Amino acid sequence: EMGEDNNYASLKDEKARAEFQKAKVDFLKLLPRLMKAARMPYYQHISTEGFGFEHMVPNFIRERAVSQCLNLLVEEATLKKNWDDAWKYGIDGLRWAKKGESGSLIEMMIRVAMLAITHSNLEEVVLSGQLTDDQLKQLSQTLKEATVTPQDYQRCMERESVLTSRALEMYEKSDVDLKTMEFTGLNPLLIYMPDSFWESERKAYWNHQL
């Protein structure tokens, strides 16, 4: 971890700063691969390793951690008045936040969270007056591309309805072993419900949505 509070200024003692610098070296070795992946047209998420149903869920915590690390680097560069590095890591943060497509509500929520993390220190970088016109133009364009629009929200909620219906259909057809889904908070007794229960739930869901 590069900082528990996502705040470089909170790393006051020498030991904490030394640990940060060590973690920074490791992160910077990984960063080119992360940004290369984010630029790929069909890249979506960091996967969760394993073979159970829960491992079909992307590793959103690790994705957010990348944004947090980049934000720490922006803050460090800002405090040291290294404006070119602050700009570079800010651009990387925006590009990372906008990667993939927000096909589900949780994906949209994580995207918004990563954007909020990235925005937190960018204003000071812009107001420093130290960026060139080209840097400001590129930052503005990248921010525009990363910003979540009302149309994005609308498409996301339309997909969310279909995804929920698909999940209920999977339970109905027994495509999923509910015993592997304890992490979701589902009532364990649901594993004993007949397929007709899930069919009824799915129809009731669509009646409510429509």
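The values are calculated or read from the model by the stated rules, or taken from the named source; none is laboratory data. What you see is a predicted model, and the numbers here were worked out from it, not measured in a lab. Every residue, glycine as well, gets a Cβ built from its backbone with ideal geometry; the counts of neighbours run over all protein chains shown.
I'm trying to understand the selection: among the residues of segment 128-169, which are farther than 15 Å from ILE91 by Cβ, buried (at least 16 other Cβ atoms within 10 Å of the Cβ) and at pLDDT 75 or above?
Hit for segment 128-169 is CYS156, nothing else.
Anything in segment 1-21 that is surrounded by 11 or more Cβ atoms within 10 Å (Cβ to Cβ) and modelled with pLDDT of 80 or more? List them, or say none.
Within segment 1-21, ALA16, ARG17, ALA18, GLU19, PHE20, GLN21 qualify.
Return yes when SER128 is within 16 Å of ALA86 (Cα to Cα) and small (Gly, Ala, Ser) and no when it is not.
Working: within 16 Å of ALA86 (Cα to Cα): yes; small (Gly, Ala, Ser): yes.
So SER128 passes the test.
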